[in-house]
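The values are calculated or read from the model by the stated rules, or taken from the named source; none is laboratory data. Quick caveat, the model's predicted, so the values are computed rather than measured. Quick reminder, even Gly has a Cβ in these numbers, built from the backbone with ideal geometry, and neighbours come from all protein chains shown. Ligands, DNA and RNA are excluded from the accessible area calculation, which covers all protein heavy atoms including side chains. Shrake-Rupley method; radii C 1.70, N 1.55, O 1.52, S 1.80 Å.
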Amino acid sequence: MPVNFPKVLLLATAASWLVGCSPSAQGIDAGEGQAREQVDASAAAVERQPRDEIIYFVMPDRFENGDTANDLGGLEGERLDHGYDPTDPGFYHGGDIAGLTQRLDYIQGLGATAIWLTPIFQNRAVQGEGDWASSAYHGYWITDFLRPDAHLGEREEFRAFVEAAHARGMRVYMDIITNHTADVIAYRECHDPTSELYIDPDGQCPYRRRADYPFTTVGGPDGEPINDGFLGDDPVHLTPENFANLTRPDFAYTPYIPEGVDGERNPPWLNDMTLYHNRGESFWFGESELYGDFAGLDDLNTEHPTVVRGMIDIYKSWITDFRIDGYRIDTAKHVRPEFWAEFTPEIMAHARAEGIEHFHVFGEVYEGDPGQLARYITQARLPAFLDFAFQGTAQDFVTGAEPGMRFQELFNIDHVYPGGEATAAILPTFLGNHDMGRMSMFIRNAHPDISDAELLDRLVLAHGLMMFSRGVPTIYYGDEQGFISDGNDRAARENMFPSVVESYNDNDLVGTDATTAGDNFDTGHPLYQAIARMAEIRQSNEVIRRGRLLTRYAGNEESVLVISRIDEASGDEVLIAFNAENVARQLNVEVDGRNTRWEALWGECGTSSAAVGTFALDIPAHGFVVCRAVR
């Protein structure tokens, strides 16, 4: 079945929504026109709220190589020294900040109004040994929090990128980390065979609980007393006076910097080993989820006032120096809520003091239960989080595994959040990402014999769910080119510029005969065009972005969902109906009684209601329709 969207796109995309009329239309000469466009873009950006954005999530190393001179990051030697190997999915491939700047036309043409990029900070280039060796192309192994990674560019190149985005009215969200640094610290007990403390030849360093290995003794409750006067890190004790007594870090394991490892981290306070938990590897549940090393990465003691103050100062400085527009917070789930309750309000207040009223902060909490997610707003005081609950619900709906009522249940929980629907409106929603894999893979796994045409239709349907329901749509780079991951993590981090990774290049991309061995910036790709058209509809209809969401129909057995986005005061209403079933679905749905005439924004819609308060829909299989009330 062909994809259900118009072949001819309107020329007025989200770019026109940002900058208003063209200079020529107003009789302005070219020079004045360029200045006017930038002023208009800046003015529009000030007025926009986070709920108005469409985010494009990109991994710079895999997007575009704008400067081949930085491919080695200024390092010499072999790939295990500099981390560059474009044939290996676990190493640097050469993409950089300059490449992002060069491709802003492409990103904006898709309809994106904001760019979220994975961490750009200086990383330890390579970690691990043997088959486990890989590079920090993803940006999550930070050694210097105050400058970009040399593989990606310099501070001035990042400044140029931010300014170029702002000149277009686009926003920039940085991915940040407070939970850990690169893996620099080792433990005598499991990493140093020459030490008399060595007890673990497998080098596993299993997590050691606080009750079994308290902060005040060495090696257990009966060990040598240390850190006299330290009362623990219960919330009542999170004071500078108490933590001044935490002077030795060897309460659970004995930390050290191995010979030959560059242990220097910046700012300098990060080199104090008492500012780390030093309790071994996380088990990913219970206490270890907050205190354990994240896959070997050095877990910061985020209860310590020095760490709290230091992280606040670091991330204030990036706001001041570059005037960025928001932060996505990595591994927020692995930091205690007391940290976020202090960090986030101060960061938000600093952004407002800098005149950035629209500053957006959202945390990564890898959790599919919306009830569990809610506490990161109620308890941790994060303004928003990545909506993993939406992702799971959308995946189950689009694959036909769950009925439409699962979305109704999800939307009902929105009222649990402080602010209710207003808070739900600023949660970034997404279909897949760099950790879990792509929606195309989930659909194909659920339907191994699916045709390319049906897979394309279901992907368009998935993006429609994301674009027209509540939340901030977040597009994972490459989805618009039909990328289909082989798995999660590095298997879902393909190149947009020509790749030489065999496991990427043998993939059958959706909706195209292209492969990742070539350039994949095709603005004619059917998914690119579909998403751009959705973005234009969303940005041209304020009620879709800001209106209340009402569930009009939710199948209790079938994957069918109908929602309205409505301004209840004026009656402005857009009706959106989704159908993941294999057959078309006809049904009558309730609408606002003030609305009796309709027009189609996507697909085919009737022109009038048969009776007040009802409207007949014909929803194609694996498709959706968008109908707007004519007032």
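Could you work out the relative contact order of the chain? I mean the mean sequence separation of Cα pairs under 8 Å and 6+ apart, divided by the number of residues, in percent.
Across the chain, relative contact order equals 13 percent.
What's the ranking of 499-510, 189-200, 531-542 by average number of surrounding C-beta atoms within 10 Å, highest first? Let's see the in-between values first.
Details: 499-510: 17.2, 189-200: 13.9, 531-542: 21.5.
Going from most to least packed, we get 531-542, 499-510, 189-200.
Report the label-to-label distance for GLU154 and SER570 in nanometres (one decimal), using points 7 Å from each Cα along the Cα→Cβ vector.
A separation of 4.9 nm, rounded to one decimal place.
For GLU346 and GLN379 in the same chain, what is the full-extension length gain: residue separation times 0.36 nm, less their Cα-Cα distance, in nm? Working shown, then result.
Details: separation 33, 0.36 × 33 = 11.88 nm, distance 1.61 nm.
Gain in length upon complete extension: 10.3 nm.
Would you mind getting me the FRET efficiency between LEU75 and ILE257? Use the beta-carbon distance for r and R0 = 22 Å, nearest 0.05. Provide the component values of the computation, followed by the final result.
On the way: r = 20 Å, r/R0 = 0.89.
The computed FRET efficiency comes out at 0.65.
Pop out the carbon and sulfur fraction of the accessible area of the chain as a percent, whole number, probe 1.4 Å. Intermediate values should be presented prior to the final figure.
Working: 11770 of 23840 Å².
Of all accessible area on the chain, carbon and sulfur atoms account for 49 percent.
Once amide H atoms are placed 1.01 Å from N in the peptide plane, what residues at a sequence separation of 5 or more from VAL472, or on another chain, have their amide H within under 5 Å of its amide H?
Under 5 Å from the amide H of VAL472: LEU427, THR429.
Rounded to the nearest 0.05, what FRET efficiency do ASP131 and THR68 have when you use their Cβ-Cβ distance and R0 = 30 Å?
That gives a FRET efficiency of 0.60.
With a Förster radius of 22 Å, plug the Cβ-Cβ distance of ASN245 and GLU224 into 1/(1 + (r/R0)^6) and report the FRET value to the nearest 0.05.
Details: r = 16 Å, r/R0 = 0.71.
Here the calculated transfer efficiency is 0.90.
Roughly what % of DSSP beta bridges within the chain run antiparallel, to the nearest 5?
Working: 43 of 70 bridges.
Restricted to the chain, the bridges split so that about 60 percent are antiparallel.
Keeping all protein chains in place and using 1.4 angstrom, which order do TRP284, TRP598 fall into by accessible surface area, from largest down? List each step's numbers first, then the result.
Details: TRP284 120, TRP598 10 Å².
In descending accessible area the options line up as TRP284, TRP598.
How long is the gain from LEU197 to ASP272 if the chain were fully straight, where each residue apart is worth 0.36 nm and the alpha carbon distance is subtracted?
Values: separation 75, 0.36 × 75 = 27.00 nm, distance 2.16 nm.
Contour length minus the Cα-Cα distance gives 24.8 nm.
How high is the relative contact order of the range 218-298, in percent, counting Cα pairs under 8 Å that sit 6 or more residues apart?
Values: 79 pairs, mean separation 17.9, N = 81.
Relative contact order for the range 218-298 comes out at 22 percent.
Return, ordered by residue number, the residues of the range 66-89 whose backbone nitrogen is under 20 Å from a label point located 7 Å along Cα→Cβ of GLU502.
Output list for this probe position: 79-80, 84-89.
Quickly work out the ASN582-to-GLU287 label distance, labels modelled 7 Å from Cα along the C-beta direction, and quote it in nm with one decimal.
5.3
Mind putting together the pair-distance distribution for the range 331-372? All Cα pairs, 10 Å bins, whole percent per bin, short to long.
25, 45, 26, 4
Could you give the accessible area per residue of the chain, probe 1.4 Å, as a whole number in Å²?
Numbers: 23840 Å² over 631 residues.
I get 38 Å² per residue for this part.
As a test of the formula, what do you get for the chain when each DSSP H run with n ≥ 4 contributes -39,500 (n - 2.57) and the sum is divided by the residue count, at 222 nm and rounded to the nearest 500 deg cm²/dmol? Intermediate values should be presented prior to the final figure.
Details: 20 runs with 182 residues, N = 631.
One gets -8000 deg cm²/dmol as the mean residue ellipticity at 222 nm.
What distance in nm separates the simple spin-label points at ALA514 and THR607, each placed 7 Å from Cα in the Cβ direction?
4.0
Over the Cα atoms of the range 308-359, compute the convex hull volume and normalise it per residue, giving Å³. Could you put the intermediate results ahead of the total?
Details: hull volume 3.9 nm³, N = 52.
In the range 308-359, the Cα convex hull volume per residue is 74 Å³.
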